[in-house]
Amino acid sequence: MTHLTVSDVTLTFGGLNALTRVNISIEPGIITSIIGPNGAGKTSLLNCVSGFYHPTVGKIHYGKRNLTHASPHQISTMGIARAFQNLELFRGLSVLDNLLLARHQNLKYSIFHAVIFFGKASRMEAENRAYVEKVIDFMELEPYRKKMVGNLSYGVQKRVEVARALTLEPKLLLLDEPMAGMNIEEKEDIVRFILDLKKEWGITIVLVEHDLGVVMDISDQIYVLDFGEVIGSGKPHEVASNPKVIDAYIGEE
Amino acid sequence: MSSNRWFATGNYFTSYKEEQRIFFTSLDRSAMVLLILALFLWPLFIQVDNKYMLVIDNILVAVVAVMGLNLVTGFAGLISIGHAAFVGIGAYTIACFGRVLGENHMLLTHAWPLMIVFAGCIGAVFGGIVGLPALRLRHLYLAIATLSFQMIFQWTINFMDFFNQGQTISVTRVAWVTGTVSRSEHYTFWYYAILVAIVLVGFAVRNLLRTRYGRCLVAVRDNDRAADAMGMHPGFTKVYAFALAGFFAGVAGALHAYLYRGVGIESFTLSHSISFLAMAIVGGLGTLHGAFWGPLAIKILDLQVEQLSEWVGNHLTFATNLATALKPLSFGLVIVLFLMFEPRGIANWWRIVRSYVKLWPFRY
């Protein structure tokens, strides 16, 4: 099991500090939530971890590997997957193809095999399809398998987004607001998926979420960001009673 | 399993391999076999004037080229305005061999299938080089980069003595098992040769599209950020798309060179690039069979309009100026109308028909 450590990360855009000396350590096998008001830098942090941004100062390590300057496609092969906040799906493809695309690195055959589609290519496609089906089964996406992603409802698209990240076979799953804009039933579904992922699949989960009720319920560890700085961390009940956190969320009296 | 996919209510596959197949039922497969057979056999029964055979050959060459353009523009979403230049690269590869080795060298006359594949490879290399800006540029800027390649290509050919300054460089007749292909059977021979190429290339593309090498193209079209996060390098995927398009263009160019028995710059100008793009749009971007409909529609339209303008020129002498303008006018009109009313091209009609039959007698 590998730790993700974010040490002293500062991210600057022009004169603006999106993140200031952030130190976070993510323990394997648990659900870690990152919360904070709008613009606190939660998504920027995830972008740093998944390689879309590179920290101005500081380092990010996953186990022994240094992620600081790795690009997203390199990071995706290290067992870190990311579900996006704003749907970043391949809208012109079916759910099945969206998930199969996440198997890109696992499909190891040459273009000549692909052109004649015989032997290796056909066999590997079928094998990886079986894995995709496992994910579809888990995320309860069976009815939408062949549907074009662009035509699905928002809630389902969010679920496809999580499913696609899962298809990468991650050890560490970064979920960026997987429940934003969902109704209570859909939220309950996603929470159930997250808990099952932790228990049955043994995946470490980093959750960025605005719904504090959910976060307090399911997290093992919480980090609170405000204006790019970590202002509190700990178990849910510790965070809930942290005066700085209460200030940031409710404001001073 | 239902014997007819068109009327089936669902799918009843029991393995993933079954679902990978191109033809789900024996009916589908035999329909395709019959179609291909018909395409091969009709010249035996119907005698066609050489002039029209050339038009048909021309359409087929355009099909190969548009198939490549469709991969880069339709599937990978990268507008390429230099496709005719890639076709030209293929044609000039053949011409170069003729110039260096002598026109009637064994390689050109006997190993012509090899030469065609080789021309494709050269096209792929150039495609990859021209695609390099895709590592940095996007959208319109990338289109301009491809346009600049078209310009560089034309300029280079026009000013280099080696390429006869754009004047025609002749290409040899090829040999077949029956001996050298004579003038009378030239067009029919090439009809068969190009048809074989299309069948091979068509199935290759169809296979490619159901593997990682095809899916990654659509991924960079739809969302290259997500493609990056899913483990593919978006930049290199785009370069690869250009290389792929370059290969098809190179093959088309070599076929063109052999078919016309000559290579001149006038067949690979900017207007040809635009007309390839128009064929791809009219046929249907992002569909495989669109690459067949597009060239067919545009070339037949051209032919009809040519006849019309000839008639107008002969009979309505006061409108001769109009007659010469008819061809570009109708061409432009067709593109505008398609962009307005059927941006998904002729391929979409096929989709509509199929879903109608599948749902019949219900409306939806």
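When the dipole is taken about the Cα centre of the protein assembly as shown, and only Lys, Arg (+1) and Asp, Glu (-1) are charged at their Cβ, what size is it in debye, to the nearest 20?
Dipole about the Cα centre, nearest 20: 1620 debye.
Can you give the % of DSSP beta bridges in the protein assembly as shown that are antiparallel, to the nearest 5?
Rounded to the nearest five, the antiparallel share is 60 percent.
Tell me, B:Trp350, B:Trp311 in order of fewest to most beta-carbon neighbours within 10 Å?
Placing the least packed residue first, the sequence is B:Trp311, B:Trp350.
Report, as an integer, the average count of C-beta atoms from other chains found within 10 Å of each Cβ along B:220-227.
That average works out to 6.
So, by mean Cβ neighbours within 10 angstrom, what's the order for B:158-165, A:38-45 with the highest one leading?
With the highest mean Cβ count within 10 Å placed first, the list reads A:38-45, B:158-165.
Would you list B:Val201, B:Val353 from fewest to most Cβ contacts within 10 Å?
Neighbour counts put them in this order, fewest first: B:Val353, B:Val201.
Antiparallel as a % of all DSSP beta bridges within chain A, to the nearest 5?
55
Across peptide A:107-117, what mean number of C-beta atoms from other chains lies inside 10 Å of a residue's C-beta?
Per-residue shielding by partner chains comes out at 5.
Sort B:Ile298, A:Ile184 so the one with the fewest other Cβ atoms within 10 Å of its own Cβ comes first.
A:Ile184, B:Ile298
Can you compute the helix-only [θ] at 222 nm over the protein assembly as shown? Use -39500 (n - 2.57) per DSSP H run of at least 4 residues, normalise by all residues, nearest 500 deg cm²/dmol.
Result for the protein assembly as shown, helices only: -18000 deg cm²/dmol.
As an exercise, use a Förster radius of 51 Å and the Cβ-Cβ distance of B:Arg29 and B:Leu316 to find the FRET efficiency, rounded to the nearest 0.05.
Computed FRET efficiency for B:Arg29 and B:Leu316 comes out at 0.50.
What net charge do the residues around A:Thr2 carry, taking every other residue with its C-beta under 14 Å from that of A:Thr2, with Lys and Arg at +1 and Asp and Glu at -1?
With Lys, Arg at +1 and Asp, Glu at -1, the net is +2.
Using Cα pairs under 8 angstrom and six or more residues apart, how large is the relative contact order of chain B, in percent?
It comes to 29 percent, rounded to a whole number.
Could you give the nm distance between label points at A:Glu185 and B:Val357, where each point is 7 Å from its Cα heading toward the beta carbon?
Roughly 3.8 nm, to one decimal.
What does the average come to when, for each residue of peptide B:17-30, you count the partner chain Cβ atoms lying within 10 Å of its Cβ?
1
Going through the DSSP H helices of chain B, which span 18 Å or more along their own axis at the Cα atoms while scoring at least 1.6 as a mean Kyte-Doolittle hydropathy?
Helices meeting the criterion: B:26-45, B:50-69, B:112-131, B:270-283, B:320-341.
No lab work stands behind these numbers, since they all come straight from the coordinates. Quantities reported herein were computed from a predicted structural model and do not represent experimental measurements. Counting neighbours? That spans all protein chains shown, and the Cβs are built from the backbone with ideal geometry, glycine included.
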